[in-house]
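Step one of this worksheet: look at the structure below.
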Amino acid sequence: MKTSTNVLQQPVLVLSRSYLPVGRITVREAVCLIARGKAEPVIVEHLPCWPVRSVGCVLVVPAQICLTAASVERLWKVPPVTRKELFARDGHTCQYCGAQRHLSIDHVLPRSRGGTHTWQNVVTACASCNNRKGDRTPEEAGLKLRVRPRPPVHPAITFAAKLWAGQEACVG
Ligand SMILES: [Zn+2]
């Protein structure tokens, strides 16, 4: 028997309304999407279900949930790398020092050395960190990335993550 903490960390596959997979979240995040009417459980035989006990009720979370979200989210695709999208992904914060002013795009592996203009190779950096780094890798410049850069995720997953980070007011 797993403890309830372990249950909350189990993976749940998120499907769009047309049943295309859009990502993976935890049972903890799935509970919140279901409770808010943003997703519905998808019961599939042979796949596990986890009972989650809350005050006075038990919610069963299956291994797959389906979004009930609007068509914009259903048709969501990973956006191209732009300043606006990049700063949004990084929360308008320098990924080296945490500064929130004088932001610019930094290519982790510099473009002059074959670095690509892709989500995995771009981060938000302040002018000071960008200057210090110059034409070097973070290791060479003695800088450390706070998070490994990844493509932005589906809005429903951002929604779930923000909710658990206690930023409910920011969710539109
Ligand atoms: Zn910085």
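Quick notes on this structure:
- Complete set of residues in segment 20-52 that are outside any strand (DSSP E or B) and of a type in the set (D, E, K, R): Arg28, Glu29, Arg36, Lys38, Glu45
- Selection status of Arg17, part of a loop (DSSP other than H, G, I, E, B), within 28 Å of Trp119 (Cα to Cα) and not hydroxyl-bearing (Ser, Thr, Tyr): yes
- Counted residues, segment 123-138 - those being without any contact (Cβ under 8 Å) to a residue 24 or more places away in the chain and either outside the structural domain of Phe87 (by TED's automatic domain parsing) or under 18 Å from Val81 (Cβ atoms) (or both): 0
- In the set (1) closer than 22 Å to Lys77 by Cα; (2) surrounded by 11 or more Cβ atoms within 10 Å (Cβ to Cβ), the condition left unmet by Leu20 is number (2).
- Condition check for Val153: away from the ligand (no atom under 15 Å from the Cβ), within 17 Å of the chain's Cα centre (by Cα) and surrounded by 15 or more Cβ atoms within 10 Å (Cβ to Cβ): yes
- Search result, residues across segment 88-147 that are within 10 Å of the ligand (Cβ to nearest atom) and over 25 Å from the mean Cα position of the chain (by Cα): Ala127, Ser128, Asn131, Arg132, Lys133
The values are calculated or read from the model by the stated rules, or taken from the named source; none is laboratory data. In this text, all values refer to a predicted model and were calculated from it rather than measured experimentally. Reconstructed Cβ throughout: ideal geometry from the backbone, glycine too, with neighbour counts over all protein chains shown.
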